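The values are calculated or read from the model by the stated rules, or taken from the named source; none is laboratory data. Please read all numbers here as calculations on a predicted model, not as lab measurements. Because the Cβ atoms are built from the backbone with ideal geometry, glycine has one as well, and the counts that use them run over all protein chains shown.
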Amino acid sequence: MLFPTYLFAFFFLPVCLVCYYLLRFLGRPRLAILSLIGFSLFFYAWWNPGYLWILIGSILANYLLSRALIAARGSRPALTTGILIVGVIGNLAVLAHYKYWCLLGGDGACQNVVLPLAISFFTFQQIEFLIDTWNGRISAQPFTTYSLFVTFFLHLIAGPITRHSEMMPQFERPNDSVAANLSIGLTIFAIGLGKKVFLADSIGIFTDPLFASAASGNALPLLPAWIAAVGFTLQLYFDFSGYSDMAIGVGRMFGIKLPLNFNSPFKARNIVDFWQRWHLTLTRYINAHLYGPIAASVARRLTSKPNSFSYLMCVMAAPTILVMTIAGIWHGAGLQYVVFGAMHGVLLAAYQTFRWGTRRWRRLETFRQSLPAWLCVAVTFGFVVISFVFFKAGSVDAALTILKGMAGLTWAPAAPEILAQLSPLKRIALLIGQEELRNIVIHLTYGYFELLVIPVGLAIAWFAPNMQEFLSAHLSYQAEPDGKAASPVVYKVPPAKGRFDLLWVWRPNVIMASLTAGLVISALMKANYQSAAFLYFQF
Amino acid sequence: MTRDEVLNRVTGLIREILDDETVVLNETTSAPDVPGWDSFNNINLMIAVEKAFAVSFRAHEIEALRNVGELLDMIERKLPNA
């Protein structure tokens, strides 16, 4: 089931909310949790009931492992670590089986693989759960709350990657009043829905055929190549961050605060900054369980000075490139994902090396400070656009075809059938065939009007406040449920933009309520006649 | 060693790592509040703290830290004479 459908918004979600709150108010919190598990399994099975067994099997196996860890914890450290290793390898083996087994099938076998829905997300969350159980952060959990933690339909499909210790205690101590949660939650949901339906899906109409054309070996001229690359970058951002916002919004309707997943990534001034703004819960996960442990253990073994070049290479560059390459490979079987990950690893390492240089040589630091902010943002965005070409293209060859086009190296005029792939041009090409001059003019404007979504999307990504800025006064991630300060990486809510406060800051009033309702209904109406899957589902 | 002394030493270490004498830390400061305090410099800081205070941290202790106050708690907990 998809979020932007009438079925979800007008049936599944309301029924689920009413059941949940009714059972809570009747003093039956355990039944309320059981009902959410039931609804979540239904949500998952709606897609493909066959995969339900993989999900249930994975939950059972991991729950048994966590109980074994608790039983062995304290008294038998070697056995505890052994169980953890078995658990982590087992989870990764299942993930690898579904993702990479196709590589043995020869050329093209991986193109048509259908993964069990959300397998990466439930695998990651359960591995982290085992690690947290192993190190004593989590105590013994009832099977019901564990099942809900994994299956809860909000984050099950595409994140945010949530930690047990940040989410589950909230079911015992719900936040704020139901009315506040419903109104704030619905507003966040509406923002995500708008991003997905009006921006991401409108861009996908012309990026998908362009990438498909490149994948089938056609050269792309300069302008369509740029439209494809920049368009897809925007499409992925609005699609994925829109999904995250919808998940956060629905969570809030249940009184559950999920971690933030995006913070205006295209406003980043360098590539490190980008990863501190893009897919935050994945960055947090990678830092906690891959980069941090690897870099720290390397650093402890080194004898060179912390400010030396060799230290920089061993503690920063090598682990960063390794970890980002792994993150790239996780996205799918295919050399293009290796290139995507390695590219980001090398860029991160290059930027850190540059910063290392600026700390040694004053003139380099003066040069760095003289760079205008807009140039830093533009260069960072450019790198990201190029890397996402590899992410989207079905192969390295297809990616290079598009990059050649972007570089202006494709001099030959494009074949008419390629031009026809681009929806606005398609109409023009068809009409030229019919020689209806009047219609050409009409459709020319209409065709380019469609492309306007790219500058509009860019303007929104660069200049508009993001969801958490818009709602900053009402998100209040002051503390996590354990009473400690909220983790800054995924809970830092930026202050609203001062200049536009009156215009941009959300308030519970009739105007905002009407805008939210209008956005939800118009988005659902638009989504209803053009169904498009979320991009991040395939991971 | 008092908590203020620990805080001052940690402040000195992060200033040296970031090469920025203007950094001021307090109990509630977290990494995103300080420009340049990224995951690489966070590891540098942890290693520097381990050396300066002759303590050692486990990976999961490092990733669980949410602000400077929690770092100070952890250092004080691990100091030999605490």
Is there a residue being of a type outside the set (A, V, I, L, M), touching a Ser or Thr at 6+ places or on another chain (Cβ under 8 Å) and away from chain A (no Cβ under 12 Å) anywhere in the stretch B:61-78? yes
Among what's in the stretch B:49-60 and is out of contact with any helix residue (DSSP H, G or I) (no Cβ under 8 Å at 6 or more places or on another chain) and either assigned to a helix (DSSP H, G or I) or more than 9 Å from chain A (Cβ to nearest Cβ) (or both), pick the residue that is surrounded by the fewest Cβ atoms within 10 Å (Cβ to Cβ). B:A54
For the stretch A:289-330, give me the residue count where each residue is assigned to a loop (DSSP other than H, G, I, E, B) and either at positive phi or of a type outside the set (S, T, N, Q) (or both). 3
Please note which helices (runs of 4 or more DSSP H) are completely contained in the stretch A:202-288 and include at least 1 residues that are more than 14 Å from chain B (Cβ to nearest Cβ) and of a type in the set (A, V, I, L, M). A:222-253
Positions within the stretch B:14-32 being closer than 17 Å to B:L72 by Cα, facing chain A (nearest Cβ under 10 Å) and in a helix (DSSP H, G or I), in sequence order: B:A31
Looking at A:Q276, A:Q235, which is the one that is under 14 Å from A:V384 (Cα atoms), crowded, with 22+ Cβ neighbours inside 10 Å and of a type outside the set (A, V, I, L, M, F, W, C)? A:Q235
If I filter the stretch A:186-208 for residues that are modelled with pLDDT under 80, closer than 25 Å to A:S264 by Cβ and not small (G, A, S), do I get at least one hit? yes
In the list A:S75, A:S58, A:S66, A:S40, which residue meets the criterion of being among the small types (G, A, S) and without any contact (Cβ under 8 Å) to a residue 40 or more places away in the chain? A:S75
Scanning the stretch A:292-342 residue by residue, those polar (S, T, N, Q) and either in contact with a Leu (Cβ under 7 Å, 6 or more places away or on another chain) or at the interface with another protein chain (Cβ under 9 Å from one of its Cβ atoms) (or both) turn out to be A:S297, A:N307, A:T320
Residues of the stretch B:11-24 being at pLDDT below 90 and under 18 Å from B:E50 (Cα atoms), which ones? B:E16, B:I17, B:L18
Looking at (1) away from chain A (no Cβ under 12 Å); (2) surrounded by 16 or more Cβ atoms within 10 Å (Cβ to Cβ), can you tell me which one B:M46 breaks? (1)
Sort out which residues of the stretch A:1-58 are over 25 Å from the mean Cα position of the chain (by Cα), of a type outside the set (D, E, K, R) and part of a loop (DSSP other than H, G, I, E, B), and write them in order of number. A:L26, A:G27
Given A:A333, A:A342, which one is assigned to a loop (DSSP other than H, G, I, E, B) and within 21 Å of the chain's Cα centre (by Cα)? A:A333
Out of the residues in the stretch A:192-208 that are surrounded by fewer than 24 Cβ atoms within 10 Å (Cβ to Cβ) and aliphatic (A, V, I, L, M), which is nearest to the chain's Cα centre (by Cα)? A:L199
